[in-house]
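Asks: Take a look at the following structure, please.
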Amino acid sequence: MKIISLLFFAAIMTMSLRSQFYTEPKPNEGVLSGGLGVTWIDDQPFYSLRFTPEIGLANFGVGLDLNLQFSPEGKLRKENFNEFSDYLSIIRYARYGQKNDPFYVRLGALDYATLGHGTIMYLYNNSPSYDTRKIGMELDIDFTNFGFESVYGNFGQAGVLGIRGFVRPLKFSSAGDIPILGSLEIGATFAGDYNENAGVTSGIFTSDNKFKSTTDKGSLNIIGFDIGLPVLSTSVANLEIYFDHNKIIDFGSGSALGAILNMEGLGIVNLRAKLERRFNGNGYLPSYFNSLYEIERFKIDKTDTTVASKIQMLDAGFKSSNGFYGELLVSVLNTFKILGSYQRLDEYPQSGILHLNTDISPENGSFVLRAGYDKINIIDEKDLFKLDDRSYLFAEMGYKPYPFMIVSLVYHWTFTPERDGDDNITGYKPQKKIEPRVTFVYPFNF
């Protein structure tokens, strides 16, 4: 009952909380948008100018994101364009198709990338810091009988890579026409992190303020196997049960047994619910590549040069335990959408992972409300909404005095990189942004 209560609480909280539900322009439509405002970053003011046009043409879509921030002296903020990837990331995304289409590819920012049932990679975000935006890729192909889905986190340097191949074996015979059994799906996943800091567990700073690792386990690799079967398939409801088993190479393994229920066609309310029981061995962490993995991967405390990295938990013989994961998505009139998910392990108090988001912005409405919240390593329920180095929050609230204008207030609890003497990133620290914003939006057809 506790996990159900938390899911209900998560869904309710998203009503007042950025969203992964944002709808890109439809084919042969586009949106010219941009705005200006004043941004307070860690209590320092910057004048901001933003240009974010999007275009949809047949199955293609492109979105740009140019964000300029100037100090009161008129100087461009250093972190806006201090890496080559910052210039590339002006192209926020270029895509063909939509997720779950037979062919889908997306280049650019990856906000919520998931492989399979999410027990290895779930809601992976390759750019949790706007100051270090990355260009990644998602590529999925479904040939009906078999296919694959894949994620690559960063073309600028080695990073997170994941690929899941799947086959529907009965589709190769007449048995593929059998209801339910014909959709049996078997998958295998390989995912790894090849970033130079993925396996660092200790290091030192040299006299010229450059970091040098002293213990490095190398790349982190995970393999997995899964099987899924839809036990109910109607025009109104679909129910799938599945089983996943994963192994972190050189460390532990774990399994998950779950069910996914989709209810659509109800006219007013659509529902998606997921409940999963996780069986975790020592030295294993489920959904290793999560929303804040790029932050968790590696960080140095410059006061004593100690390293905090995600792989340290595995290397130290992390004693895991079983646990639950649950997710609830509610869509009202296909406009008002809220999502909440939560994980907790039975005997490990610092294991909570929370994800919330919503977008309550009716197309012809007079108000805008968008929000998203992620928190990892939650100790207890009192720790849920404490903003710190384990949190990510975006919230925007505003109104439309005219159909083409949005006047809003944006609050962003995010991260900014810390660097050594060679300008290499040695970790991230929390960053608070508050921005009164005026945005102009002009939709068009062609």
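Just so it is clear, none of the values below were taken in a lab; they were calculated from the coordinates. In this text, all values refer to a predicted model and were calculated from it rather than measured experimentally. Cβ coordinates were reconstructed from backbone atoms using ideal geometry, including for glycine residues, and neighbour counts include every protein chain displayed.
Asks: Does segment 236-320 come out rounded, prolate or oblate, given a ≥ b ≥ c as the square roots of the eigenvalues of its C-alpha gyration tensor, rounded meaning a/c under 1.5 and, failing that, prolate meaning a/b above b/c?
Replies: Oblate, since a/c reaches 1.5 and b/c is not below a/b.
Asks: To continue, here is another question. For each of THR358, THR234, THR132, THR201, count neighbouring Cβ atoms within 10 Å of the residue's Cβ, then give the residues from fewest to most.
Replies: THR234, THR201, THR132, THR358
Asks: Sorted from largest down, give the three principal axis spans of the alpha carbons of segment 31-72, whole angstrom values.
Replies: 44, 15, 10
Asks: Something else about it: Starting from the amide H of ASN322, placed 1.01 Å from N in the peptide plane, find each other amide H under 5 Å away whose residue is 5 or more places distant or on another chain.
Replies: ASN280, ASP346, GLU347
Asks: How would you rank ILE434, ILE268, ILE378, going from fewest to most other Cβ atoms within 10 Å of each one's own Cβ?
Replies: ILE268, ILE434, ILE378
Asks: Set Lys and Arg Cβ to +1 and Asp and Glu Cβ to -1, take the dipole of the chain about its Cα centre, and tell me which of PHE148, THR114, VAL38 lies farthest positive.
Replies: Of PHE148, THR114, VAL38, it is VAL38.
Asks: Classify segment 338-412 from the C-alpha gyration tensor, please: rounded if a/c falls under 1.5, else prolate or oblate depending on whether a/b exceeds b/c.
Replies: Cα axes put segment 338-412 in the prolate bin.
Asks: Net charge near GLN44, counting Lys/Arg +1 and Asp/Glu -1 over other residues with Cβ under 11 Å of its Cβ?
Replies: It works out to a net charge of +1.
Asks: Oh, and also: Straight-line reach from LYS217: which lysines have a Cα under 29 Å away, not including same-chain ones fewer than 8 places off?
Replies: LYS134, LYS247, LYS299, LYS302, LYS310, LYS319, LYS375, LYS429
Asks: Right, next: What ranking of LYS299, LYS429, LYS382 emerges when the number of other C-beta atoms within 10 Å of each C-beta is taken as an exposure proxy, fewest first?
Replies: Lowest count first: LYS382, LYS429, LYS299.
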